[in-house]
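Engineer: Pasting in a structure now, in C-alpha cells, and then I'll have a few things to ask.
The values are calculated or read from the model by the stated rules, or taken from the named source; none is laboratory data. Not measured: the values here are computed from a predicted model. For neighbour counting, all protein chains shown are included, and Cβ atoms are generated from backbone atoms with ideal geometry for every residue, glycine included.
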Amino acid sequence: MLFIYNIVRFFLYPFLFIAAIFKKKIRAFFYKRIRVEKIKRDKYYWIHLSSVGEMNLAEKLIENILDRNKKIYLTVMTDTGMELFRKRYSGNPNIKGAYFPLDDYFLIKKTVNMLDIEKLIIIETEIWPNLYGIVSEKSEVIVVNGRISDKTFDKYKKIKGMISATLNKCSKILVQSNLDLQRYKELGVREEILKVYPNLKYSIDYPVLDTEQKEELEERIKINGRKLITAGSTREGEEKILIDIFKKINEAEKYQMVLVPRHIQRTEEVAALCEGLDFSLYSENKKTEIIIVDKMGILREMYQISDLVFVGGTFVEIGGHSILEPLYYGKVPIIGKYYSNIKDVAENAKPLNLVNIAETESELEAFFLDSDNSKNRETSEFFKKYNKIDEIIKEIL
C-alpha cells in the first residue's frame, strides 16, 4: 500500500510544482514543508498537531513531558499554529517547533534520521502513511483524541486498505467515543490497540475574566435590563435564522444579541443581513441591539457575560462547534439538530440537562424565551467526571 501511495504522489508532484510557480499561496505552502531545519540530534517526543485548536488540546500533555525534563519536536500544519507555538514556547530550549514536512518518503526519512524519536504522538487523526510507516520501524506511534467524523468516515471507507495499513502501524489509538471505536474497527484497525477516553477538551483550563474585566466588558456591551444572547461560531444560513427570531422575541425590547461568525471574513455578509436594524460592529465600540464581532479571540469573553448561548454549525449541516466553552462558564448551550462533530460531549451533557437541542426554528425561539435557560449552572462536576488527562498521560508515557 505504501508503495502505491508513493507512486501516486510521485506523479502528482509535477502538477503541484507547476501550480506553485503561478500561485503564491501554494508556493509558500511548499517552501515551508520541503525545508527540514537541522537541529542537534537528541531524544525527542515528536508531537504532531494541525493547528491552534489541537495545540490547546495538547497543552497539558506538552507541559507534562517538559516537566519530566524531556525534549519535544512539535510540528504544525498552519501559520496560526506556528504563531501560537512561538508565543507559548519560544523561550523554552527543550521544545523545537517546525512546519510538518510534506508526507514524502525522503523528507520524512530525513526528519526521522535527524531525530532520535522516543514516541510519535498524533493529536486527533491525521493519516500520513509515510510518517506512520517510517517512524513505526524504530519507535511507537500513538494517536490521542482520535475521532472520525461522518464525512471523513465515508471517505476513508473508499480507501479502507490504505487507512487500515497506516493506522495498524500504531501501538495505541485513544479515541473519543464508542462510535469512533466502532468506526476504527470497521476500517480494519486492530481492536487490541484501540481504547476509549473522553475528549481532551475536558482538560482545557479556559481563561476566566476577573471581576473588573467582566464589569468593563459588560459596561461596553450590555444594554441595561436586557438579556444578552451570544451566538458563537455561526455559519452561513444561521445568522438569518437568528436575526429573524431575534426580531420576533425583541418586540418588547428585552433582548440583545451578539453574533460571532466562525469566519471573520464573513463580517460584511452578516452585517448586510442586519440592514435596517440597530446594529454595530464590535470594533465600533457601540451599545446596540445587535453586535457583530469582527475581531478574533472575543467569543470566550462574550460567553462569560451572556445570559443565553447558541453554538453554531448546528442549524446547518456542518456538525457543530465546541459546546464545552460555554459549559465551562456555567452556560447551558442551545444547539440545533446537526451536532455530529460534538456528539460525544452533547450525549454526556444531555442526561444532566446541560444542553438544549432545538430541532426546529420555533423550538430555538422557545429556548430563548424560557427564563430557566438564562440561569447559570454549576458545571465543575461535569468537567471533573470526564477530565481524564492524567490517565491519558499515563497511557501515553
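Engineer: Could you go through the stretch 126-134 and let me know if any residue there is among the polar types (S, T, N, Q) and surrounded by 19 or more Cβ atoms within 10 Å (Cβ to Cβ). Break it down stepwise before answering.
Structural biologist: Taking the stretch 126-134 first, the residues among the polar types (S, T, N, Q) are 130.
Now drop any that are not surrounded by 19 or more Cβ atoms within 10 Å (Cβ to Cβ), which leaves 130.
Yes: one or more hits.
Engineer: Okay, moving on. Do we find that GLU239 is part of a helix (DSSP H, G or I), among the acidic types (Asp, Glu) and within 24 Å of GLY320 (Cα to Cα) in this structure?
Structural biologist: On the way: part of a helix (DSSP H, G or I): yes; among the acidic types (Asp, Glu): yes; within 24 Å of GLY320 (Cα to Cα): yes.
Yes: the conditions hold for GLU239.
Engineer: Scanning the stretch 6-39 for residues that are of a type in the set (Val, Ile, Thr) and more than 30 Å from ASN94 (Cβ to Cβ), which turns out nearest to the chain's Cα centre (by Cα)? Before the answer, list the steps.
Structural biologist: Residues of the stretch 6-39 of a type in the set (Val, Ile, Thr): 7-8, 18, 21, 26, 34, 36, 39.
When the remaining residues are screened for being more than 30 Å from ASN94 (Cβ to Cβ), the result is 7-8, 18, 21, 26.
On the way: ILE7: 33, VAL8: 30, ILE18: 33, ILE21: 32, ILE26: 24 Å.
In this case the residue turns out to be ILE26.
Engineer: May I ask you to verify whether GLN256 is surrounded by 17 or more Cβ atoms within 10 Å (Cβ to Cβ), touching a residue at least 60 places away in the same chain (Cβ under 8 Å) and polar (S, T, N, Q)?
Structural biologist: Working: surrounded by 17 or more Cβ atoms within 10 Å (Cβ to Cβ): yes; touching a residue at least 60 places away in the same chain (Cβ under 8 Å): no; polar (S, T, N, Q): yes.
No: the conditions fail for GLN256.
Engineer: For VAL52, work out the one condition from (1) in contact with a helix residue (DSSP H, G or I) (Cβ under 7 Å, 6 or more places away or on another chain); (2) not assigned by TED's automatic domain parsing to the domain that holds VAL76 it doesn't fulfil.
Structural biologist: (2)
Engineer: Next question. Kindly indicate which of LEU131, LEU74, LEU107, LEU102 is touching an Asp or Glu at 6+ places or on another chain (Cβ under 8 Å) and of a type outside the set (Lys, Arg).
Structural biologist: Working: LEU74 fails: touching an Asp or Glu at 6+ places or on another chain (Cβ under 8 Å); LEU107 fails: touching an Asp or Glu at 6+ places or on another chain (Cβ under 8 Å); LEU102 fails: touching an Asp or Glu at 6+ places or on another chain (Cβ under 8 Å).
Result: LEU131 is the single residue among LEU131, LEU74, LEU107, LEU102 that is touching an Asp or Glu at 6+ places or on another chain (Cβ under 8 Å) and of a type outside the set (Lys, Arg).
Engineer: Right, something else. Looking at this structure, is GLY297 farther than 28 Å from GLU216 by Cα and in a loop (DSSP other than H, G, I, E, B)? Let's see the steps before the verdict.
Structural biologist: Details: farther than 28 Å from GLU216 by Cα: no; in a loop (DSSP other than H, G, I, E, B): yes.
Answer is no for this residue.
Engineer: Can you confirm whether the stretch 100-111 contains a residue that is polar (S, T, N, Q) and free of Cβ contacts under 8 Å to residues at least 60 places away in the same chain? I'd like the intermediate steps shown before the answer.
Structural biologist: Pass one, the stretch 100-111, residues polar (S, T, N, Q): 111.
If we keep only those that are free of Cβ contacts under 8 Å to residues at least 60 places away in the same chain as well, we get none.
No.
Engineer: Can you report the number of residues in the stretch 85-129 which are hydrophobic (A, V, I, L, M, F, W, C) and assigned to a loop (DSSP other than H, G, I, E, B)? Walk me through how you get there before you give the answer.
Structural biologist: Within the stretch 85-129, the subset hydrophobic (A, V, I, L, M, F, W, C) is 85, 95, 98, 100, 102, 106-108, 112, 114-115, 117, 120-123, 127-128.
With assigned to a loop (DSSP other than H, G, I, E, B) added as a condition, the list becomes 100, 102, 115, 127-128.
Qualifying residue count for the region: 5.
Engineer: Got a number for residues in the stretch 125-145 being under 20 Å from TYR184 (Cα atoms) and touching a helix residue (DSSP H, G or I) at 6+ places or on another chain (Cβ under 6 Å)? Please lay out each step first, then the result.
Structural biologist: First pass over the stretch 125-145, keeping only residues under 20 Å from TYR184 (Cα atoms): 125-133, 136, 140-145.
If we keep only those that are touching a helix residue (DSSP H, G or I) at 6+ places or on another chain (Cβ under 6 Å) too, we end up with 127, 129-133, 141-142, 145.
Looking only at that region, the number is 9.
Engineer: Return a yes/no flag: does the stretch 151-166 have any residue that is closer than 15 Å to ILE127 by Cα, surrounded by 17 or more Cβ atoms within 10 Å (Cβ to Cβ), in contact with a Ser or Thr (Cβ under 7 Å, 6 or more places away or on another chain) and at pLDDT 95 or above.
Structural biologist: no
Engineer: Further question on the same structure: Would you point out which residue out of LYS71, LYS157 is over 25 Å from LYS43 (Cβ atoms) and more than 20 Å from the chain's Cα centre (by Cα)?
Structural biologist: Working: LYS71 fails: over 25 Å from LYS43 (Cβ atoms).
The unique qualifying residue is LYS157.
Engineer: Pairs, please: C-beta under 9 Å, at least 6 apart or cross-chain, first residue within 30 Å of ILE117 (Cα to Cα) and assigned by TED's automatic domain parsing to the domain that holds PRO351 and in the stretch 370-397, second loosely packed, with under 13 Cβ neighbours inside 10 Å and charged (D, E, K, R)?
Structural biologist: Sorted first by the residue in the stretch 370-397, then by its partner, the list stays empty.
Engineer: Within the stretch 150-204, how many residues are among the small types (Gly, Ala, Ser), closer than 20 Å to ALA58 by Cα and without any contact (Cβ under 8 Å) to a residue 40 or more places away in the chain?
Structural biologist: So in the stretch 150-204, the residues among the small types (Gly, Ala, Ser) come out as 161, 164-165, 171, 177, 188, 203.
The next check asks that each one be closer than 20 Å to ALA58 by Cα; those that pass are 171, 177, 203.
This time we only want the ones that are without any contact (Cβ under 8 Å) to a residue 40 or more places away in the chain, so: 171.
The qualifying residues number 1.
Engineer: Can you find a residue that is within 26 Å of LEU174 (Cβ to Cβ), within 23 Å of the chain's Cα centre (by Cα) and part of a helix (DSSP H, G or I) anywhere in the stretch 42-53?
Structural biologist: Looking for residues that are within 26 Å of LEU174 (Cβ to Cβ), within 23 Å of the chain's Cα centre (by Cα) and part of a helix (DSSP H, G or I), one finds at least one in the stretch 42-53, hence yes.
Engineer: Which residue, of SER306, SER371, is closer than 20 Å to LEU228 by Cβ, touching a strand residue (DSSP E or B) at 6+ places or on another chain (Cβ under 6 Å) and among the polar types (S, T, N, Q)?
Structural biologist: On the way: SER371 fails: touching a strand residue (DSSP E or B) at 6+ places or on another chain (Cβ under 6 Å).
Unique residue meeting the criteria: SER306.
Engineer: Scan the stretch 312-371 residue by residue and report those that are assigned to a helix (DSSP H, G or I), small (Gly, Ala, Ser) and within 22 Å of TYR255 (Cβ to Cβ). Working first, answer last.
Structural biologist: Residues of the stretch 312-371 assigned to a helix (DSSP H, G or I): 324-328, 340-352, 361-369, 371.
Cutting the leftovers down to small (Gly, Ala, Ser) gives us 340, 346, 349, 362, 366, 371.
Of everything in the stretch 312-371, those that are assigned to a helix (DSSP H, G or I), small (Gly, Ala, Ser) and within 22 Å of TYR255 (Cβ to Cβ) turn out to be SER362, ALA366, SER371.
Engineer: Output the residue which, of all residues in the stretch 178-208 that are assigned to a loop (DSSP other than H, G, I, E, B) and within 16 Å of the chain's Cα centre (by Cα), is farthest from ILE389 (Cα to Cα). Full working, then the answer.
Structural biologist: Initial filter on the stretch 178-208 (assigned to a loop (DSSP other than H, G, I, E, B)): 187-190, 197-199, 204-208.
Checking the rest, the ones that are also within 16 Å of the chain's Cα centre (by Cα) come to 198-199, 204-206.
Working: PRO198: 9, ASN199: 9, ILE204: 9, ASP205: 12, TYR206: 15 Å.
Across the stretch 178-208, the extreme among qualifying residues is TYR206.
Engineer: Look through ARG235, ARG190, ARG262 and report the one residue that is assigned by TED's automatic domain parsing to the domain that holds ILE159 and within 30 Å of GLY146 (Cα to Cα). Talk me through it step by step, then tell me what you get.
Structural biologist: Numbers: ARG235 fails: assigned by TED's automatic domain parsing to the domain that holds ILE159; ARG262 fails: assigned by TED's automatic domain parsing to the domain that holds ILE159.
After applying the criteria, what remains is ARG190.
Engineer: Here's something else I'd like to know. Since VAL270 meets every condition but one in (1) of a type outside the set (Asp, Glu); (2) without any contact (Cβ under 8 Å) to a residue 60 or more places away in the chain; (3) under 13 Å from LEU308 (Cβ atoms), which condition does it not meet?
Structural biologist: (3)
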